[in-house]
1. How large is the accessible surface per residue of the chain, computed with a 1.4 Å probe and reported in Å² as a whole number?
2. If you roll a 1.4 angstrom probe over the protein chains with everything in place, what fraction of the accessible area of the range 1-122 belongs to carbon and sulfur, to the nearest %?
3. What is the antiparallel percent of DSSP beta bridges lying wholly in the range 17-129, to the nearest 5?
4. Could you pull out the pairs from Lys34/Lys76; Lys92/Lys127; Lys32/Lys76 whose alpha carbons sit more than 25 Å apart here?
5. Compute the distance in nm between two label points, each set 7 Å from the Cα along the Cα-to-Cβ direction, one at Lys76 and one at Ala109.
6. Efficiency by 1/(1 + (r/R0)^6): what FRET value for Ala45 and Ala135, r their Cβ-Cβ distance, R0 = 30 Å, to the nearest 0.05?
7. Ordering Trp141, Trp117, Trp73 from largest to smallest accessible area (1.4 angstrom probe), what's the sequence?
8. Comparing Ala135, Ala51, Ala62, which has the greatest mean-square fluctuation in the GNM of the chain with Cα pairs linked when under 10 Å apart?
Amino acid sequence: MSLEIRAATPDDAADVLALVTALAVYENEADKVKMTVDGARAALAAGHLNALLGFVDGKAQAMALYFFNFSSWTGKRGLFLEDLFVSPDLRKQGVGLDLLTRLARIAVAEGCGRMEWNVLDWNNSAKGFYEMLGARHAVGWEIWRLEGDALARLGAD
């Protein structure tokens, strides 16, 4: 297997959407994907979304979508990994490790104080992989989300 990892460009929007959709299918949430190719292209062009794509034989087979945030506690930027996906036939071959290593290098180069991501509570194989890397579960922190009608109501004039 010859893996090429590179930063996504707006021209890769269709590949990004295809991999996001594949991840959503894996997570039994395919109906939740609302992103479009045009939306992905615009987000990549504007720098709202960053992505590393992994190609095997010229086909996008893996991705790491990320963005930068800011931690008031560290006083530094952080790198937030929004989505990590490796096609099932490439798992356990080091592709995920290669993507995370590249992200860690980006975080270090950008002076980030930390790199964070979310893990589904049922994804024990992912948890074991992340623990092997030295990551730890941020015990005590829960994700809270405002979306849809609730977001519209709160944000209404």
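1. Working: 10270 Å² over 157 residues.
Result: 65 Å² per residue.
2. Details: 3570 of 6870 Å².
Carbon-and-sulfur percentage of accessible area, whole number: 52.
3. Working: 17 of 21 bridges.
Bridges in the range 17-129 that DSSP calls antiparallel: roughly 80 percent.
4. Working: Lys34/Lys76 31 Å; Lys92/Lys127 14 Å; Lys32/Lys76 32 Å.
Cα-Cα > 25 Å for Lys34/Lys76; Lys32/Lys76; rest within.
5. About 1.6 nm separates the two model spin labels.
6. Values: r = 31 Å, r/R0 = 1.03.
Between Ala45 and Ala135 the formula returns 0.45.
7. Numbers: Trp141 180, Trp117 60, Trp73 200 Å².
Most to least solvent-accessible, the answer reads Trp73, Trp141, Trp117.
8. Maximum among the listed residues: Ala135.
The values are calculated or read from the model by the stated rules, or taken from the named source; none is laboratory data. Remember, it's a predicted structure, so these values are computed and weren't measured experimentally. Don't worry about glycine lacking a Cβ; one is built from the backbone with ideal geometry, like all the others, and counts go over all protein chains shown. Note: areas computed on protein heavy atoms with side chains; ligands, DNA, RNA excluded. Shrake-Rupley method; radii C 1.70, N 1.55, O 1.52, S 1.80 Å.
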